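Presented below is the structure to which this report refers.
Each value in this text was obtained by applying a stated rule to the coordinates, not by laboratory testing. Keep in mind that what you see is a predicted model, and the values were worked out from it rather than measured. Note that each Cβ is placed from the backbone with ideal geometry, even for glycine, and that neighbours are counted across all protein chains shown.
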Amino acid sequence: QITDAKKRYSAGVLKYKQMGYWMPDYVPKETDTLCLFRITPQDGVDPEEAAAAVAGESSTATWTVVWTDRLTACDSYRAKAYKCEPVPGRPGEFFAWVAYDLILFEEGSIANMTASLIGNVFSFKPLKAARLEDIRIPVAYVKTFKGPPTGLVVERERLDKFGRPLLGATTKPKLGLSGRNYGRVIYEGLKGGLDFMKDDENINSQPFMHWRDRFLYVMDAVNKAQAQTGEVKGSYLNITAGTMEAMYERAELAKELGSVVVMVDLVIGWTAIQSMAEWCRKNDMVMHMHRAGHGTYTRQKNHGVSFRVIAKWLRLAGCDHLHTGTAVGKLEGDPLTVQGYYNVCRDSYTKTDLPRGLFFDMDWADTKKVMPVASGGIHAGQMHQLIDLFGDDVILQFGGGTIGHPQGIQAGAVANRVALECMVKARNEGKDILQEGPEILKKAAQTCG
Ligand code: CAP
Ligand code: MG
């Protein structure tokens, strides 16, 4: 029997349908997790078989029937591929819908859910490529997560800032500054009018600047800027490190020095993210998530995981700020798709919206909202486009667009704040900011040198 199965398998003849993973009549339950995969079967592989194989390999199956199947209640444990359709305009690609029973995942664990859904299946030979496009996580499973430690409503209350996007900047150059020079950049940016400054994704504790030096100089700068401006300010202290112990140590010092926010990189992994979110929850700290590394698996249109799925997992795992793209800056992303990511961060109920890439309704059961962060090659001259695309609940982050200002860092920060305020005012007065924006910005620029 095993030799037969191997032959069939090598010849591309799959038997996952026969094994029970293809159920075209299945009506998904409200408590099921639903996944939409984009699959590209190898030549000669039947798409429905491929869809069934995805269901099988991401739940209970291996490449052949095993005797021990009969010792389990296999009907509930098997995932069910219930629909498979060609992707319009993309020959060779198919959408496959798969349903997973609630009992398949441990409560409150993104690590467990992802080990099934993106575990083996992406290197499965009968598929040339596979991409997890979207996911509907049932409200019953949503309720097993605590979500963002602070959430955007409480964050605004703590900052006492309403009715406009928040402004930030990433300190540049990414690497090489000493603690003292670094602190100067933070001070000038905040004093000039930014709400936040930010460590870059790759700054941790390198020979040119030990993390403690960075934290001390940065918090000194934050305190001085707060005293001078009378506003609450913050600087995302990147606590990413090689071990959880080191991250906790760094987070503790950030808190002791009076920081309102800490930052981690996506590359620390799901379990570390959930642990740091729990720490932030207990310590009234905002958690900034930098999505470093995501492009390695979100960018290709036919293989990997869409960022909208990553954003859903991150909202449940718990973060307060999330980099979600800009559509107008230096990094890849089209406006509608990027708006779909913003919906995932900010909606209480994510409605199906195909142009924005949202394939399912999803009830978030009032899970706190994440503040999306727009960054990557943006500058004050795009303020009208950014406000038009993303509205008020967003952090606009200009790194090069602040620190690269011809008249200096503080002047760059002033320019951003002036551009933001004039554009919000124009929008609130009912002006068509997309049309009139550039002219309004030019005039405002004359008022700030
Ligand atoms: C931006 C940035 C951010 C990226 C992240 C950089 O600097 O600091 O890491 O924008 O991308 O290193 O490029 P600039 P995303 O403002 O000077 O471009 O937000 O898409 O995750
Ligand atoms: Mg960066």
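Annotations
- For region 237-303 versus region 28-100, the inter-centroid distance based on Cα atoms is 34 Å.
- Exposure proxy order (Cβ contacts within 10 Å, fewest to most) of TRP22, TRP67, TRP270: TRP67, TRP270, TRP22
- Backbone HN-Hα couplings from phi across region 23-40 [Karplus 6.51/-1.76/1.60, Hz, Gly and Pro as x]: 9, x, 8, 5, 9, x, 7, 4, 8, 6, 8, 10, 10, 10, 9, 9, 10, 10
- Lys, Arg +1 and Asp, Glu -1 on Cβ, resulting dipole of region 28-173 about Cα centre, debye, nearest 20: 660 debye
- Per residue, the chain reaches -11500 deg cm²/dmol at 222 nm when only DSSP H runs of four or more residues are counted, each adding -39500 (n - 2.57).
- Candidate lysines for bridging to LYS17, where Cα separation is under 26 Å - those fewer than 8 sequence places away on the same chain excluded: LYS6, LYS7, LYS29, LYS80, LYS83, LYS125, LYS128
- Exposure proxy ranking, count of Cβ atoms within 10 Å, fewest first, for VAL54, VAL344, VAL142: VAL142, VAL344, VAL54
- Amide H contacts of ASP134 (H built 1.01 Å from N, under 5 Å, at least 5 apart or other chain): LEU36
- Between region 117-159 and region 370-437, the Cα center-to-center distance that results, in Å: 29 Å
- Most fluctuating residue given options ALA51, ALA241, ALA365, as computed from a GNM of the chain linking Cα atoms under 10 Å: ALA365
- Per-residue HN-Hα couplings for region 239-248 [Karplus 6.51, -1.76, 1.60; θ = phi - 60°; Hz; x = Gly/Pro]: 9, 3, 8, x, 9, 4, 4, 5, 5, 4
- When the square roots of the Cα gyration tensor eigenvalues are ordered a ≥ b ≥ c, the ratio a/c for region 59-117 is 1.5 or more and a/b does not exceed b/c, which makes its shape oblate.
- GLU249-PHE208 pseudo-label distance in nm [points 7 Å out on the Cα-to-Cβ vector]: 2.3 nm
- Debye, to nearest 20: dipole size of the chain, +1 on Lys, Arg Cβ, -1 on Asp, Glu Cβ: 700 debye
- Karplus-derived 3J(HN,Hα), 6.51/-1.76/1.60, for each residue of region 249-264, Hz, glycine and proline x: 4, 5, 5, 4, 5, 4, 5, 4, 7, x, 5, 8, 8, 10, 10, 10
- Mean separation of Cα contacts under 8 Å, 6 or more apart, over the residue count of the chain: relative contact order %: 16 percent
- Cα gyration tensor shape for region 143-275, rounded if a/c is under 1.5, else prolate or oblate: oblate
- Sorting the segments 262-268, 169-175 by their residues' average number of neighbouring beta-carbon atoms within 10 angstrom, most packed first, yields 262-268, 169-175.
- Rounded if a/c under 1.5, otherwise prolate or oblate - region 376-449, Cα gyration tensor axes: oblate
- Residue order for GLU201, GLU249, GLU429, GLU49, fewest other beta carbons within 10 angstrom first, comes to GLU429, GLU249, GLU201, GLU49.
- Helix 270-282 and the longest principal axis of the Cα set of the chain meet at an angle near 50°.
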